[in-house]
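Here is the structure we will look at, set down as structure tokens.
The values are calculated or read from the model by the stated rules, or taken from the named source; none is laboratory data. Remember, it's a predicted structure, so these values are computed and weren't measured experimentally. In this analysis, Cβ positions are derived from the backbone assuming ideal geometry, glycine residues included, and neighbour counts consider all displayed protein chains. Heavy atoms of the whole protein, side chains included, go into the accessibility calculation; ligands, DNA and RNA do not. Shrake-Rupley method; radii C 1.70, N 1.55, O 1.52, S 1.80 Å.
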Amino acid sequence: MGWWRIGADTLAGGRFVVSPLAETVAALKALHAGRAGHPGERRWLAEHLPAYRARIAAEPLDGLLVRAAISPTWNADFLTPTPLGEGERCFEEEVAVVRATGRRAALADLAVSVGGPVPEPLVSARDLPERLAELLTWVWRETVLPEWPRRRRVMEADVTARTARLARDGWAAALDELCPGKMRWLGNGRLQVNARDYPPRSVEGGRLLLVPVTPKTGWVSWDATREGDERYAIVYPCAGVLAHGAGPAVPEALGALLGPARAGVLLRLEAPLSTSQLVALTGQGLGSVGRHLKVLHEAGLVRRRRAGRSVLYDWTEAGAVLVRAQRP
């Protein structure tokens, strides 16, 4: 198995980073696989997969490049550059790193991802980094950007939840939950990052970046080219209920009873969520969400409980009965 040794200082300096490029790469991986990990992703895939396949059919070399860059065991490194971690960057700034990759470096990365000789059409191509950057730009513009505000809210909600978990139970518990089944804390400063038979890597002294994405995928990357500024990134899928799309539609009768905004808050609370998470997911202001929660709590439809520094809300039995009565 592949694992990292992470020092205490690196853990203490770890931070969450939202990356438009990582979200776009995750979207490209979903389009390439042609399958989705949750209902919200399935709706998105049904909407955009035909156009993606048409684009790949029109540019066969792009299809070959994607198949070489995304393999079951490794992503070509120039497809997944490690974020800088110095404030959020826009997509155009991030994809410029892909575009600036040298041709020889790109071919070397592809040789690793395919696990052997790079297909001849790619070897002969002179514009592989530019071609991949243009494809990523198309995926961003056509499939991610139109719903970027919602995706960003989901990521911010996930970061809120992870940060609360971190404050409550420490780094070991927070890292153990990032990619269930693939990643786990082994103890003694060791983090299993995948199940592959890769040599261990020391992350001590570097910066650890945690990068959420909404598709159900993940990977690791690192940039140790500059001594004293080594960066290691773990890209992980947002937690289940947070990533399941734009949220349930408010039934007309429930909206008439409670008001659409308040009903929308109630519908979200099948699983416990904090006020900050609800703000991120619904797009409503903090004051509005707080007022809705107060009314719902006083009406006996939601309960609240403290978890570390967070206050979480979810349905009472009465709230569950009310919501479920409106479902087909």
Name the residue from G255, S221, P60 whose Cα lies farthest towards the positive end of the charge dipole of the chain, charges +1 on Cβ of Lys and Arg and -1 on Cβ of Asp and Glu.
G255
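Only loop residues by DSSP count here, and only those with at most 13 other Cβ atoms within 10 Å; note down the trypsin sites (Lys or Arg not before Pro) in the range 118-151 that meet that. Intermediate values should be presented prior to the final figure.
On the way: sites: R126, R131, R141, R150, R151; in loops: R126.
When the trypsin sites (Lys or Arg not before Pro) of the range 118-151 are filtered for loop state and at most 13 Cβ neighbours within 10 Å, R126 remain.
Over the range 166-313, what relative contact order in percent results from Cα pairs under 8 Å that are six or more residues apart?
Numbers: 171 pairs, mean separation 22.6, N = 148.
Taking the mean separation of contacting Cα pairs over the length of the range 166-313, I get 15 percent.
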Rounded to the nearest 500, what is the 222 nm mean residue ellipticity of the chain from helices alone, with -39500 (n - 2.57) per DSSP H run of 4+ residues and division by all residues?
-15000 deg cm²/dmol
Debye log10 I(q)/I(0) at q = 0.22, 0.27 Å⁻¹ for the range 8-50, Cα point scatterers:
-0.73, -0.93
Suppose we keep just the DSSP beta bridges with both residues in the chain; what percent of those would be antiparallel, to 5?
65 percent
Three-way shape call for the range 255-328 based on the alpha-carbon gyration tensor, with the a/c threshold at 1.5
oblate
Taking a probe of 1.4 Å, how large is the accessible area per residue of the chain, in Å²?
47 Å²
Within 10 Å of each candidate Cβ there may be at most 10 other Cβ atoms; applying that plus a DSSP loop requirement, which trypsin sites (Lys or Arg not before Pro) in the range 197-294 survive?
R226
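Quick check: at a probe of 1.4 Å, how many percent of the accessible area of the range 272-328 sits on carbon and sulfur atoms?
Details: 1640 of 3190 Å².
Exposed carbon and sulfur together represent 52 percent of the surface.
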If ligands, DNA and RNA are left out, what is the accessible area of V295 with a 1.4 Å probe, given in Å² to the nearest 10?
60 Å²
Please report the base-10 log of the normalised intensity I(q)/I(0) for the range 247-287, using a Debye sum with one equal scatterer per alpha carbon and no solvent, at each q in 0.21 (1/Å).
-0.62
Could you let me know the centre-to-centre spacing of the range 250-328 and the range 23-97, using Cα atoms, in angstrom?
35 Å
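Send over the semi-axes of the range 1-96's equivalent ellipsoid, whole angstrom and largest first, taken as the square roots of 5 times the C-alpha gyration tensor eigenvalues.
On the way: eigenvalues 165, 51, 47 Å².
Over the Cα atoms of the range 1-96, the ellipsoid semi-axes are 29, 16, 15 Å.
Given contacts defined as C-alpha pairs under 8 Å and at least six residues apart, what's the relative contact order of the chain, whole-number percent? Walk me through the intermediate numbers first.
Working: 504 pairs, mean separation 78.3, N = 328.
Across the chain, relative contact order equals 24 percent.
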Label point distance in nm, A100-R304, each placed 7 Å from Cα along Cα→Cβ:
4.8 nm
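Can you pull the Kirkwood radius for the chain, inverse mean 1/r over Cα pairs, to one decimal in Å?
Details: mean 1/r = 0.0468 Å⁻¹.
The Cα-based Kirkwood calculation yields 21.4 Å.
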Provide the FRET efficiency to the nearest 0.05 for the R324-R291 pair, computing r from the beta carbons and using R0 = 22 Å.
0.35
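Taking R0 as 30 Å, what's the FRET efficiency between A33 and A261 from their Cβ-Cβ distance, rounded to 0.05?
Values: r = 36 Å, r/R0 = 1.21.
Rounded to the nearest 0.05, the efficiency is 0.25.
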Applied in sequence order to the range 61-66, the curve 6.51 cos²θ - 1.76 cosθ + 1.60 (Karplus, θ = phi - 60°) yields integer Hz couplings, x standing for Gly and Pro, of 5, 4, x, 5, 5, 5
Helix 103-114 axis, angle to the chain major axis (alpha carbon atoms, nearest 10°)
70 degrees
For a label point 7 Å along the Cα-to-beta-carbon line of A8, residues of the range 163-188 with backbone N under 20 Å
166-176, 185-188
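Rounded, prolate or oblate: which fits the range 151-195 when a ≥ b ≥ c are the square roots of the eigenvalues of the alpha-carbon gyration tensor, with rounded for a/c under 1.5 and prolate only if a/b beats b/c?
The shape class here is oblate.
In the range 131-254, what percentage of the DSSP-assigned beta bridges are antiparallel, given to the nearest 5?
Numbers: 8 of 15 bridges.
Antiparallel bridges make up about 55 percent of those DSSP assigns within the range 131-254.
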Along the dipole axis of the chain (charges at Cβ: +1 for Lys and Arg, -1 for Asp and Glu; origin at the Cα centre), the most positive-end residue among L296, A271, F91 is L296
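Can you list which of the GluC sites (Glu not before Pro) found in the range 177-261 are DSSP loop residues with at most 15 other C-beta atoms within 10 Å? Can you show the working numbers first?
Working: sites: E177, E204, E227, E230, E252; in loops: E177, E204, E227, E230.
Answer in residue order: E204, E227.
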Positive end of the dipole of the range 1-160, charges at C-beta (+1 Lys, Arg; -1 Asp, Glu), about the Cα centre: which of P149, A36, T80 has its Cα farthest in that direction?
A36
For the range 164-274, what is the largest minus smallest coordinate of the Cα atoms on each principal axis, given in angstrom and ordered from greatest to least?
60, 27, 27
Taking Cα atoms, how many degrees apart are the long axis of helix 39-58 and the longest axis of the chain, rounded to 10 and kept between 0 and 90?
30 degrees
Nearest 10 degrees, 0 to 90: what angle lies between the long axis of helix 128-139 and the longest principal axis of the chain (Cα atoms)?
20 degrees
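Over the range 1-154, what percent of the accessible surface lies on carbon and sulfur atoms, probe 1.4 Å?
Details: 3810 of 6930 Å².
Answer for the range 1-154: carbon and sulfur cover 55 percent of the accessible area.
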